[in-house]
1. Quick check on A:GLU108: is it in a strand (DSSP E or B) and modelled with pLDDT under 95?
2. Out of B:TYR63, B:TYR82, which single residue is facing chain A (nearest Cβ under 7 Å), open to solvent by less than 70 Å² (accessible area, probe 1.4 Å), without any contact (Cβ under 8 Å) to a residue 12 or more places away in the chain and of a type in the set (Phe, Trp, Tyr)?
3. Does A:LEU52 satisfy the criteria of being of a type outside the set (Ser, Thr, Tyr), open to solvent by less than 90 Å² (accessible area, probe 1.4 Å) and either assigned to a helix (DSSP H, G or I) or at pLDDT 80 or above (or both)?
4. Within the range A:91-137, which residues are among the charged types (D, E, K, R), open to solvent by less than 30 Å² (accessible area, probe 1.4 Å) and within 26 Å of A:LEU62 (Cα to Cα)?
5. Determine, yes or no, whether A:TYR143 is free of Cβ contacts under 8 Å to residues at least 12 places away in the same chain and either surrounded by fewer than 16 Cβ atoms within 10 Å (Cβ to Cβ) or not β-branched (Val, Ile, Thr) (or both).
6. Residues in the range B:136-165 that are closer than 23 Å to A:ILE161 by Cβ, assigned to a strand (DSSP E or B) and either open to solvent by 60 Å² or more (accessible area, probe 1.4 Å) or of a type outside the set (S, T, N, Q) (or both): how many?
7. Which strands (runs of 3 or more DSSP E) sit wholly inside the range B:60-135 and have at least 2 residues that are hydroxyl-bearing (Ser, Thr, Tyr) and on the phi < 0 side of the Ramachandran plot?
8. Do you know which of the residues in the range A:133-150 that are within 14 Å of chain B (Cβ to nearest Cβ) and in a strand (DSSP E or B) is nearest to B:ILE70 (Cα to Cα)?
Amino acid sequence: MTNNKTKKKKFNIIDILAVLAILALAILLALYFGMKSNASRGIKLITGKVDLEIIAEAEDVLDEVAVSAKEGDKLVALKRVQDASLSKVEIINDYEISAIDGKITKSEKTGKKRVRVTISAKANRYGPYFDIGGQKIKTGEPYWIKTVKFNALGNIISVKIKE
Amino acid sequence: MKIINKDLKLFGKIHLLDILIIVLFLFLLVGLVDKFSDGKLVSSLSGASDLKIRVSFVTEPYYEESLKNIKIDDKLVDNKKYLDGKISNVEIIDYKISKLDNNGENIVGSHPDYKRANVEVICTVKYAPPVYSFGKQEFTEGNIVFLTTETINLKAYVTKIEKVK
């Protein structure tokens with residue numbers, strides 16, 4: 001009876017453990033040599049937190065929504081308050097570019113605002129990669145400006161690393 | 001004779017999990033050799049070699065404030081990895097647009113907010129004629145690529161590729 005049971009056993013736990021160990025080793029070695037590759041170019045990978053000043057702007061924001069962006073409000077992402085806040089908020093009438101009487105000019109859009117915010121943040125850093133609450137931080141990237149009372153999709157206009 | 005029998009053995013001799021382990025070892029070995037040689041194994045198999053080039057780009061229109069984030073000597077990156085390339089020159093230029101005015105005239109002028117930038121980069125690429133590969137991107141004149149450093153990720157067109165001695 002016992003012999004039959006042993007024969008029917010198809011997977012050996014040792015084999016499975018060996019496969020898992022090799023996979024873990026492969027991942028660790030890839031990470032190690034990835035870092036070594038950066039080091040060979042004289043680059044030290046810095047990880048941890050970094051102080052950033054970010055300027056982001058959302059266009060086409062309804063008047064009623066724009067007024068909800070307030071200085072001092074904390075940013076929210078992944079259902080959590082982030083270590084980042086709005087240090088400056090500028091709200092201007094939104095516009096489009098047109099030509100009037102031979103000149104390229106800005107024409108106001110009624111009922112819409114441009115909301116430009118300056119964000120002071122402690123971002124996560126892994127080498128050249130920064131993120132706040134999972135959102136990648138680089139000039140030119142789309143960015144959700146989200147506080148408890150305000151939410152709009154904009155773009156990152158500028159990123160400065162505070163020394 | 002069954003190829004895989006009821007004990008999961010191939011031709012009744014070797015267990016499938018053992019084969020998997022051997023294949024994983026082989027992958028690991030090739031991966032390690034490739035990493036030790038800084039990617040030269042895979043490049044040599046594909047016939048690619050390292051080549052230092054100067055690439056010129058013109059960016060899509062952005063706020064001038066954004067383009068000022070492109071700094072000379074900033075290193076190019078690929079997500080979480082630094083690449084062997086840096087910005088060697090930046091020139092911000094007007095973004096010309098044309099619009100019909102209220103009199104039906106075609107008016108050409110500079111965009112009041114947006115500018116473009118001419119950017120030069122010196123970098124080492126993997127060159128397998130006729131393809132220049134840089135990180136995950138391919139440089140060909142006319143291609144749209146991303147110029148990415150620690151602080152920027154801007155869309156740009158490749159306008160010129162020259163070999164550097």
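The values are calculated or read from the model by the stated rules, or taken from the named source; none is laboratory data. Everything numeric here is computed off the predicted structure, so don't read it as measured data. Cβ sites come from the backbone with ideal geometry, for glycine too, and all protein chains shown count toward neighbours. Surface accessibility is based on the protein's heavy atoms, side chains included, excluding ligands, DNA and RNA. Shrake-Rupley method; radii C 1.70, N 1.55, O 1.52, S 1.80 Å.
1. When the stated conditions are applied, A:GLU108 passes them.
2. On the way: B:TYR63 fails: without any contact (Cβ under 8 Å) to a residue 12 or more places away in the chain.
Exactly one of B:TYR63, B:TYR82 is facing chain A (nearest Cβ under 7 Å), open to solvent by less than 70 Å² (accessible area, probe 1.4 Å), without any contact (Cβ under 8 Å) to a residue 12 or more places away in the chain and of a type in the set (Phe, Trp, Tyr), namely B:TYR82.
3. Numbers: of a type outside the set (Ser, Thr, Tyr): yes; open to solvent by less than 90 Å² (accessible area, probe 1.4 Å): yes; either assigned to a helix (DSSP H, G or I) or at pLDDT 80 or above (or both): yes.
The answer is yes for A:LEU52.
4. A:ASP94, A:ARG114
5. Working: free of Cβ contacts under 8 Å to residues at least 12 places away in the same chain: no; either surrounded by fewer than 16 Cβ atoms within 10 Å (Cβ to Cβ) or not β-branched (Val, Ile, Thr) (or both): yes.
No: the conditions fail for A:TYR143.
6. We begin by selecting, within the range B:136-165, every residue closer than 23 Å to A:ILE161 by Cβ; these are B:146-156.
Restricting the remaining residues to those that are assigned to a strand (DSSP E or B) gives B:146-148, B:152-156.
Now narrow it down to the ones that are either open to solvent by 60 Å² or more (accessible area, probe 1.4 Å) or of a type outside the set (S, T, N, Q) (or both): B:146-147, B:152, B:154-156.
Matching residues across the range B:136-165 total 6.
7. Numbers: elements: B:75-78, B:81-100, B:106-128, B:131-134.
In the range B:60-135, the matching strands (runs of 3 or more DSSP E) lie at B:81-100, B:106-128, B:131-134.
8. The residue in question is A:THR139.
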